[in-house]
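Q: Below are the structure tokens for one structure; questions will follow.
The values are calculated or read from the model by the stated rules, or taken from the named source; none is laboratory data. None of these values were measured; they are calculated from a predicted model. With ideal geometry, Cβ positions are generated from the backbone for all residues, glycine too; neighbour counts draw on all protein chains shown. Accessible surface is based on the protein model in full, side chains and every heavy atom, while ligands, DNA and RNA are left aside. Shrake-Rupley method; radii C 1.70, N 1.55, O 1.52, S 1.80 Å.
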Amino acid sequence: MTNSVAPLELPEPLVVTLGNLKGGVGKTTSAFFLASYFARDHGLRVLVIDADPLSQTGYSWYRRLTKGKIEVPFELVAFPSRHVADCIADKAADFDVILVDAGGESADIFKAAVPASDQLLLLTSVSPSEVKRVPSTFRAAEEAAAGAGREIRVRVLLTKVPVVMKGGRNISTEYRGQRRNLENAGYEVFDSYVSAWKWYREAADGEVGEGAENPIADVAEYRQVGDELLSSYRALVEVPA
Ligand SMILES: Nc1ncnc2c1ncn2[C@@H]1O[C@H](COP(=O)(O)OP(=O)(O)O)[C@@H](O)[C@H]1O
Ligand SMILES: [Mg+2]
């Protein structure tokens with residue numbers, strides 16, 4: 001008999017870079033929600049590295065949460081430097097999962113993070129101008145990994161996806177069209193995606209503190225994304241009936 005709940009066999013630690021050589025695609029938001037998912041759903045020790053030199057949104061968001069006495073189930077360091085691989089190496093022993101928010105526009109930091117990572121989540125919305133940036137980001141990642149003789153799994157995660165549900169399916173033409181374009185071009189695209197929800201936006205920008213809810217208590221669709229990300233680390237085990 002096959003047991004469907006196979007144990008996780010993660011690299012120690014699992015390092016995931018969230019990147020795109022373009023800003024505003026949902027990297028920081030995704031890093032926070034996925035960090036909460038790994039910490040709360042799996043009890044893992046999680047670190048987020050804010051390596052975005054332009055907009056340290058992660059750093060300010062984390063500060064606001066902790067100052068608002070909200071219990072954040074992960075740690076964050078700001079390390080916006082092309083020596084980000086050293087930061088990963090230095091922290092490796094203390095964490096089970098390290099998420100690198102590799103920032104838009106800084107190719108140097110992105111290329112330094114990639115060879116130190118097991119997985120790259122290439123985030124993009126379905127806007128044509130953002131999807132157009134996927135190939136150059138992918139090539140930069142491939143070059144960086146090859147230069148370091150490292151294998152890295154690259155997958156596209158669609159964010160801010162418009163939703164038009166019909167018969168239990170999202171029939172949004174932008175969503176379906178861009179997914180098809182990416183898949184036809186040979187990219188591995190996550191089955192799960194992150195919808196364009198005001199609620200995600202407010203998580204980063206809304207009020208916190210006295211009486212306010214923890215905006216990242218509910219990881220919502222990031223649970224499916226996280227489960228999909230982890231599925232390749234579950235060994236299929238046979239257990240006696
Ligand atoms: N799924 C989503 N739905 C709606 N708004 C989102 C979503 N994800 C991110 N946002 C908003 O989009 C903006 C950019 O997101 P952010 O995570 O900061 O992107 P990046 O780190 O790639 O620059 C922010 O205002 C954020 O709150
Ligand atoms: Mg950001």
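Q: Restricting attention to the range 6-56, report how many residues are near ligand 1 (Cβ under 9 Å from one of its atoms), of a type in the set (D, E, K, R) and in a loop (DSSP other than H, G, I, E, B).
A: Qualifying residue count for the region: 2.
Q: Keeping to the range 98-108, report how many residues are hydrophobic (A, V, I, L, M, F, W, C) and at pLDDT 95 or above.
A: Count: 3.
Q: Answer yes if at least one residue in the range 65-80 is under 17 Å from ILE216 (Cβ atoms), open to solvent by 10 Å² or more (accessible area, probe 1.4 Å), modelled with pLDDT of 95 or more and within 16 Å of ligand 2 (Cβ to nearest atom), and no otherwise.
A: The answer is yes; a qualifying residue exists.
Q: For the subset of the range 144-176 comprising residues that are assigned to a strand (DSSP E or B) and of a type in the set (Val, Ile, Thr), which member is nearest to VAL15 (Cα to Cα)?
A: Here the residue is VAL154.
Q: Moving on to the next point. Only one residue in ARG155, ARG223, ARG176 is surrounded by 14 or more Cβ atoms within 10 Å (Cβ to Cβ) and over 20 Å from LEU99 (Cβ atoms), so which one is that?
A: ARG176
Q: Could you grab me the full set of residues in the range 9-25 that are farther than 22 Å from ALA89 by Cα, open to solvent by 20 Å² or more (accessible area, probe 1.4 Å) and either hydrophobic (A, V, I, L, M, F, W, C) or near ligand 2 (Cβ under 10 Å from one of its atoms) (or both)?
A: LEU21, GLY23, GLY24
Q: Check off (1) under 26 Å from VAL189 (Cβ atoms); (2) surrounded by fewer than 23 Cβ atoms within 10 Å (Cβ to Cβ); (3) modelled with pLDDT of 95 or more; (4) within 15 Å of ligand 1 (Cβ to nearest atom) for ASP118 and give me the number that stays unchecked.
A: ASP118 satisfies every listed condition except (4).
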